[in-house]
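Heads up, the thing below is written out as structure tokens.
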Amino acid sequence: LSERTAGFTDSVIRRMTRISSQYGAVNLSQGFPDFEPPKEILNRLKEVTEGDFHQYSITWGAQNFREALAEKQSGPMGHEIDPDKEIVVTCGSTEAMMAAMMTVANPGDKVIVFSPFYENYGADALLSGAEPIYVPLHPPLFHFDRDELEAAFQKQPKALILCNPSNPCGKVFTLEELTFIAELAIKYDVYVIADEVYEHIVYEPHRHTYIASLPGMWERTISCSSLSKTYSITGWRLGYIIASPEIIDVARKVHDFLTVGAAAPLQEAVIPGLKFGPDYYESLRQKYTKKRELFLNGLDDIGLAHTVPEGAYYVLMDIGEFHYDSDLEFCEVLAREVGVGAVPGSSFFKEPVNHLIRFHFAKKDATLKEALDRLSQIR
Ligand code: GLN
């Protein structure tokens, strides 16, 4: 069988969901909501089932979806996005990221990945034949060292992967940091593949900036995102790539042969969401701000040490006091004995990190309270 698949395991994030359901644990491992998507989207979904949306859409996405997306993103991304030339609609940002890697990388090319990183990037790099170069984000604030980053750029990478806001550490890159990354990308002629699926989940006083919007970056950024987190529809598998026509031309070919296209009825049903005004995104931000407070305060009350995310909906909790050899084993015991699902931190770090586990808090308040109640029995 294929040698390139020997370099990675199945996803531990998805495996922990299966383990959680096996033990009836409250699943705070794989990050997805247990609350409903917006009514406007659900209502449109009902209408769509009666309509003429059951066959393929255009390979790179339905026209009205791309138009609505271009309208939503052009302002914040600082570029008048052409829906006919600068967008590919994908099956989630999982496909978007994979297609982006295959669009830029030749076998043997190097790709810079910050560590900790979202689990998929390692496998994405290996599947596209590329070799990751890891650059550490240093706790507690997950800053990168400018010299370490420049040293990675000097190894002639093809691209840098930027997850902003970052899963799992919750970092929101500052304008100053993004400007530094952009200057290096231009100086060393490197693409940036941005994963911005948590673009609307950012806590005060932090602000998310699209790296594509920085001077000189439109031409070299492949912006990937998803509708999963913004509209609470992770099961719909809708994502997209936004980039220059030259990049999109290639990304469309990759996408076409990977999947042909994203689900046509679901593209149609989500359009009312893409047309929401700023109030929707503000209320989403407030909703997650309250959940963050509830969950972090709960961990504090139990006396469990954790990170404080600036964006996204994940918390890394320190399990050093429990003296386990393996964080994977700790998570298995936690799911079985305490009844709460988490992801072992080692899934996200290149460094040998064994003392962290990741929870997410994209759950109803009642679910979070139940998880905290169970966690209070952890000792
Ligand atoms: N991004 C989510 C997480 O990290 C889940 C993504 C997925 O499983 N496709 O848990």
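Since every read-out is calculated from the coordinates, none of them should be taken as a lab result. Just so it is clear, the structure is predicted and the values come from calculations on it, not from any experiment. Here the Cβ is made from the backbone with ideal geometry for all residues, glycine too, and neighbour counts use every protein chain on show.
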> What are the trypsin sites (Lys or Arg not before Pro) within region 239-333 that DSSP puts in a loop, where the Cβ has at most 14 other Cβ atoms within 10 Å?
Replying inline: 275
> How many nm is it between the label spots at residue 1 and residue 43, if each spot is 7 Å from the Cα in line with the beta carbon?
Replying inline: 4.8 nm
>> Cut-off is 10 Å between beta-carbons; in what order do 198, 280 appear when sorted fewest neighbours first?
In response: 280, 198
> Can you tell me the Rg and Dmax of region 1-148, counting just the alpha carbons, in angstroms?
Replying inline: 19.6, 58
> How much length is gained if the chain between residue 8 and residue 351 is pulled fully straight, taking 0.36 nm per residue apart and subtracting their Cα-Cα distance, in nm to one decimal?
Replying inline: 121.9 nm
> Which of 159, 378, 238 sits farthest toward the positive end of the charge dipole of the chain, with +1 on the Cβ of Lys and Arg and -1 on the Cβ of Asp and Glu?
Replying inline: 378
> How big is the equivalent ellipsoid of the chain along its three axes, where each semi-axis is √(5λ) from the Cα gyration tensor, reported in whole Å from largest to smallest?
Replying inline: 31, 26, 20
> In nm, to one decimal, how far is the modelled label at residue 23 from the one at residue 131, with both set 7 Å along Cα→Cβ?
Replying inline: 3.9 nm
> GNM on the chain, C-alpha springs below 10 Å: top fluctuator among 13, 186, 161?
Replying inline: 186
> Under unit Cβ charges (Lys, Arg +1; Asp, Glu -1), what dipole magnitude, rounded to 20 debye, does region 92-172 have relative to its Cα centre?
Replying inline: 80 debye
>> Out of the GluC sites (Glu not before Pro) in region 189-271, which ones are loop residues according to DSSP with at most 14 other C-beta atoms within 10 Å?
In response: none
>> Based on alpha-carbon centroids, what's the gap between region 335-357 and region 17-92 in Å, whole number please?
In response: 29 Å
> Taking every DSSP beta bridge that has both residues in region 40-274, what percent is antiparallel when rounded to the nearest 5?
Replying inline: 35 percent
> Which value in deg cm²/dmol, rounded to the nearest 500, describes the helix-derived mean residue ellipticity at 222 nm for the chain, given -39,500 (n - 2.57) per DSSP H run of n ≥ 4 and division by the residue count?
Replying inline: -12000 deg cm²/dmol
> Sorting 236, 218 on the 10 Å Cβ count, fewest up front, what's the list?
Replying inline: 218, 236
> What is the fewest-to-most order of 279, 124 by other Cβ atoms lying within 10 Å of their Cβ?
Replying inline: 279, 124
>> Calculate the FRET efficiency for residue 297 and residue 174 from the Cβ-Cβ distance with a Förster distance of 22 Å, rounded to the nearest 0.05.
In response: 0.25
> What's the extension gain from residue 373 to residue 253 if we count 0.36 nm per residue and subtract their Cα-Cα distance?
Replying inline: 38.2 nm
>> From the phi angles alone, apply the Karplus equation (6.51, -1.76, 1.60; θ = phi - 60°) to region 197-206 and give each ³J(HN,Hα) in whole Hz, x where the residue is Gly or Pro.
In response: 5, 9, 3, 9, 10, 9, 9, 4, x, 7
